[in-house]
Each structure stands twice: as structure tokens, then as C-alpha cells.
Amino acid sequence: MIDQFINFVIRPPRAEYNPDHYLWDKDFTLAGRRYRREDLELKNERGHTLKCSHYVPAEFPDDSPLPCVVYCHGNSGCRADANEAAVVLLPSNITVFTLDFSGSGLSDGDYVSLGWHEKDDLKVVVSYLRGNKKVSCIGLWGRSMGAVTCLLYGAEDPSIAGMVLDSAFSNLFNLMLELADVYKIRLPKFTVKMAVQYMRRVIVKKAKFDIMRLDCIEVVTKTFIPALFGHAKDDKFIHPRHSDAIFESYSGDKNVIKFEGDHNSSRPPFYYDSVCIFLYNVLHPPQPPSLLSGKMEKYCDLRDLKSGSGVDENLLYEIIAGLRNVTDDAPSSSSGPRTLSATKSMGEMLLDMTPDFNDILAIEDAELHGDGGPQIQHDGCSFTSSNRESWGRCSSLGTDDEPSINRTSTNKYDENTINVLATPLRSSQKVRLKTSKNEDKKKSKSKKKNQKKNGEDGEGNEEESSGSKKSKREKFEKLEALSQRLRLFILKGVNHKKNCS
């Protein structure tokens, strides 16, 4: 029984997985941006090969370096446990590096050491990232054994920008005694001392580390790296008092979050939000690019269609003129005819009308949602936590709630058709409304004050306002009909060309 307990500590179930099935794809899209997975191998001081992956943007903004977070898994985990970290951090321009520690996953080695040798593996990773010109500052995120690894390494490297520490234990010897009681490993009192000494000798011989020396309390008193602690309230494996003890002794800036669940349960969304905010504040990544310009370009993307492209250009320009007349506030009889440049693409002409589209959509959405304002949703990637990496499980292996990353490819013709027909008016409207929300509220308040002062005049203003909204709605309906006519016409021309060829 003692030998089983020893193996439970230094040789837990090992994660075996296929990187192509359980990691993010080599090239994938997240929150509207393209990223890639770079696989590499590093050698630690003991000569073991470490399997690693680095998630980075397909194109770095302005070719400037980005901050990186190294994710450290639990004792039965692997680099697949960092899938959720990638979902949380990549949209904020923070790259994610993950590895299989020695003795874990697909890396070399036979035993884990619950942080003792893993801190040396982490040192190799940090050294590699320091030499990478695409990496600026470095943060750490660890869970269970990985959190202890971060603490042990952080005491040696004060240049780390920040650490997220989920479910760390304070002292390995005390934890082993607690686990013996949790798992009903009964030892006679007179043999406890002998059993502990026996386990200590065996672990030193097999895993090459002393369980009596693995004490986080001793190192955190001299660690000043900003840290965010997290622990599940019902964790029976590593009791929350371990994190409490570390938190009390920690010398740097610190905060702690307690949440429902146990050691291996999925972490709640608010915890991931807190982690993202914390790392954003300590790493200071560059602002991600605005989505508004990209969405409006997509709406107006007509493949640079110009005169002489083989379609009825007179009809096309007639439709464009109709769109412009709809978005013009002045009556058509009082406005002179507009001249359309034959050298401009149809996409450029539509882009000229983008402000008018936004104005009409903003008013219509305000009507739909009332005075409470629009319900704005973030354009991102929804995900479900499935991190169950520690002590006998690997989070992303065989779970049904991991993010789906399979992509169905389309041929070139389908992609062209999709881009021509794509009209995400609502999405672009939401981004605009988010910036003008405060202005709309101010206008609404001033309008109500004027109505109270003017009495009956205020009622007339309401009628004018409703008439104006109705007019805007009619213009919007005409715009939709005309733009649909344009899209169908272009699609018809594309199909005709395809059939002729």
C-alpha cells in the first residue's frame, strides 16, 4: 500500500494524446482573427526532451513584440490544458506558451516531482522566450503542480511580470499526510515515522528530490511578483487552507479569488475574466485592432468591381445611385443629380455611404430596444471550461465540452460568393453604438427637459420625432431592398461567368 501511495505522488496516470486532435489547429481563427500553433522541442538540464507549443497571431501588429504567458499544467496534465488559456488571452494580444513537463504527456522522463524539477523545465522555457524577439514580457499561469512550479521559479526570477496561481499546495509533506487520511490509507501510529522515512528514501531514489524540502512558504516570503491566487471552496484534494497560508506569507502584490467547485472542476467564467484583467494589467499588451473597419470593409467588399468587368455597368451605377438617394436626408426633387466616378470600384462607392448606414441602423435599433438601450454582445469566441488536469485526469482528453476547432474548407468560388453576400450590418452597428451610448443618453435627457418646459409644444416634438423615426425606418427598408438587388445582380453575374467558363 505504501508503494501505491508513492506512485500516486510521483507517477500518477500519464496523459497520452495526439496533438493534432487535442490541441488547437496549426492555423485557426478566434474572435475574428487568425492565429497559428508553433510546435517545438526544448532540452532540459537532465537531457529530457520537452514537447512545447506556442500560440501566436498569424500576423503580429506592426511587427512589434507581444507579451507571453507560460501555462503550467498539473501532475496528470499536458499542454492540452492550455486550450482555455489560449481562448482567454489571445484576443487580448497575449501569446500563450505551453509545454509537457518532464515525466508528463509526450515529453521524456519517468516521474514527476510536483514542482521541484518542473521549475528547471520552466527555466528552460523562459530562457528560450527571452531570446525570442517576438516576445516582450513574460507571465506565468499554473494550476496545482503547475502553480507550485510558478512559485518556486518566481522566487528565483523577479523579472516575471505576474503569476496566476490556481490550487497551489503549501508543503508537500503536510499534503501527503492529508492525502493519506483522505484516501483512507491507515498506518499504525508507531509505524508512521518509519513509513515516512521509507517513502522519502524511495522518492529520492526514483524521482531525485526530497519531499521534506518542497515548501512554498519558505520561498514566498522573498517573492514580490504580482500574483492572483485562486482556489475552489470544496477542494478535498488540496484544501483551500494551503492557498490561504501561501497568501498570508506572500510578500508581493496579491489578490485571491474563491469559487464554487472542487480540485478538478471547471472554473467559472468570472474567474477567467479576473485572470484576463489581471494579466492585461501586468503585461500591458498593445491594443487589439478595431473590428469596425474590418466589418464595414467586408460589407462593402465587391471584389474591386469596376467598369469594364463584364457586367451591365449602367444598371450597377443605377443601383448605387438609388442607394445614395435613400441615405440622403434631403428630398430627391431638391437635390441635384450626383455624378458617379467610373474609375471608382463599387466597394469604394459603398464605403462612402457607411456613415449613413450607421445612422439609420442606430435609430432602428434604439426603437427595437426602447429607452434601455441596445443589448450589445461582444464579438468573441464563447467557450466552456473543461480544465480537469490535476491528479489523475487530463482536462482536454476525451471531454465533450472543449471548444470545437474543426473548420470546413470552401473553394475559391464559394469564398467569393460569401464575401459578396456578407452583410453584417448588425455587428458593425453594435460597435458604433457602444461608442455613442453616452451621447444618446445625454440627448435623451435634454430632450425630456425641453418637453417638460414647453408642455404642449413637447407633444408636438414627440410627433415630429415619431415621424422622423418612421421616415428613417422607411429609408432603411428601401436601402435593404436596393442593396439586396445589388448583391443578387452581382451574384447572377458571377454565376453567369462560371457557367460560361
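So what is the accessible area of the range 191-277 per residue, in Å², with the probe set to 1.4 Å?
Details: 4350 Å² over 87 residues.
Per-residue value: 50 Å².
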Task: Mean separation of Cα contacts under 8 Å, 6 or more apart, over the residue count of the range 217-260: relative contact order % - done: 56 percent
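Rounded, prolate or oblate, given the Cα gyration tensor of the range 197-239, with a/c below 1.5 counting as rounded?
Note, shape of the range 197-239 comes out oblate.
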Open item on the list: Could you sort HIS21, HIS117 by their accessible area in this structure, using a 1.4 Å probe and putting the largest first?
Closed with: HIS21, HIS117
- [ ] Have a look at THR191, ILE211, THR221 and report the one farthest towards the positive end of the charge dipole of the range 178-286, computed about the Cα centre with Cβ charges (Lys/Arg +1, Asp/Glu -1).
- [x] THR191
Open item on the list: If you roll a 1.4 angstrom probe over the protein chains with everything in place, what fraction of the accessible area of the range 78-178 belongs to carbon and sulfur, to the nearest %?
Closed with: 50 percent
Open item on the list: Please compare each pair in LYS43/LYS206; LYS51/LYS134; LYS51/LYS254; LYS208/LYS233 to a cut-off of 24 Å on the Cα-Cα distance and tell me which ones are over it.
Closed with: LYS51/LYS254; LYS208/LYS233
Task: Rounded accessible area of VAL164 (nearest 10 Å², 1.4 Å probe) - done: 0 Å²
Task: Long-range amide H partners of VAL256 with built H, under 5 Å - done: PHE229
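Residues with beta-carbon under 13 Å from that of ASP108, excluding ASP108: net charge, scoring Lys, Arg +1 and Asp, Glu -1?
-1
Using the Cβ atoms and a cut-off under 14 Å, what net charge is assigned to the surroundings of VAL282, where Lys and Arg are +1 and Asp and Glu are -1?
After counting each charged neighbour, the total is 0.
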Task: HN-Hα J in Hz across the range 72-88 - Karplus 6.51, -1.76, 1.60, θ = phi - 60°, x for Gly and Pro - done: 10, 7, x, 6, 10, x, 7, 5, 5, 5, 8, 4, 6, 4, 5, 4, 6
Task: Extension reserve of the GLU248-ASN174 stretch, reckoned as 0.36 nm per residue once the Cα distance is removed - done: 24.9 nm
Open item on the list: Need the full-extension length gain, MET194 to GLU38, defined as separation in residues times 0.36 nm minus the C-alpha distance. One decimal, nm.
Closed with: 51.3 nm
Task: Residue-level accessible surface for ASP63, protein heavy atoms, 1.4 Å, Å² - done: 120 Å²
Task: Length gained when the stretch ARG241-ARG11 is fully extended (0.36 nm per residue, less Cα-Cα span) - done: 80.3 nm
Task: Computed accessible area, CYS276, all protein chains, 1.4 angstrom probe, square angstrom - done: 30 Å²
Task: Per residue accessible area in Å² of the range 1-156, where ligands, DNA and RNA are left out and the probe is 1.4 Å - done: 33 Å²
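The values are calculated or read from the model by the stated rules, or taken from the named source; none is laboratory data. Not measured: the values here are computed from a predicted model. Every residue, glycine as well, gets a Cβ built from its backbone with ideal geometry; the counts of neighbours run over all protein chains shown. The accessibility values were calculated without ligands, DNA or RNA, using every heavy atom of the protein model including side chains. Shrake-Rupley method; radii C 1.70, N 1.55, O 1.52, S 1.80 Å.
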